Amino acid sequence: MSQVTFRPMVEADLDAVVAIEQAAFSHPWTRKLFQEGLSSYQCWVMCADGVQIGHGVIQMILDEAHLLNITVRPQSQGQGFGLQLLEHLMAEAGRQGGRECFLEVRASNQSAYRLYERFGFNEIGRRRDYYPAANGREDALVMACTLLD
């Protein structure tokens, strides 16, 4: 079993963050988005055995947490790291006073959808044509869950 650790993201992490993002998504966040997020959001890095394998970004608005990004590098997916990262991000949101968390997920991303469901998120809506896609636009499913104390 890998030794998993979490730490706040810093500027020096951005090369690895962007590389993981580009490997994992067809329409990844840009370096500039992450750079701007360092001062505005809670940005975290996940390491396994000292190697950076994922990251996540949460925006806090009063007592609402908004999960903006959660990414595990492709070669580390399917091993439980996504759930560990999600649990960490939700615990941090709770520590910051979050009572509820919201997120959007691509309608086609069933593995992420199942991960969120397993954590306790429920689908509460749909945003039509929210995400860019290879052949135009794709719907986002809006999900929410209550954060436990």
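FYI, it's all coordinate maths here, none of it is from the lab. Keep in mind that this is a model prediction, so the values were computed, not measured. With ideal geometry, Cβ positions are generated from the backbone for all residues, glycine too; neighbour counts draw on all protein chains shown.
Would you mind calculating the relative contact order of the chain from Cα pairs under 8 angstrom and at least 6 residues apart, reporting the percent as a whole number? Can you show the working numbers first?
Values: 258 pairs, mean separation 27.8, N = 149.
Relative CO of the chain lands at 19 percent.
Residues whose amide H comes within less than 5 Å of that of Arg99, counting only those at least five positions distant or on another chain, are Glu64, Ala65 (H built at 1.01 Å from N in the peptide plane). The Gln79 and Asn109 beta-carbon pair, evaluated with R₀ = 22 Å, returns a calculated FRET efficiency of approximately 0.80.
Suppose R0 equals 22 Å; then what is the FRET efficiency for Thr146 and Ser40 from their Cβ-Cβ distance, rounded to the nearest 0.05? Each step should come with its number before you reach the end.
Working: r = 25 Å, r/R0 = 1.12.
In this case the efficiency is close to 0.35.
Between Glu64 and Asp49, the modelled labels are 4.2 nm apart [label points 7 Å from Cα along Cα→Cβ]. Residues Arg114, Arg73, Arg99, ranked from the fewest to the most other C-beta atoms within 10 Å, line up as Arg114, Arg99, Arg73. Ranking of Asp139, Asp129 by neighbouring Cβ atoms within 10 Å, starting from the fewest: Asp129, Asp139. Exposure proxy for Phe6, Phe119: other Cβ atoms within 10 Å of each Cβ, ordered fewest to most, give Phe119, Phe6.
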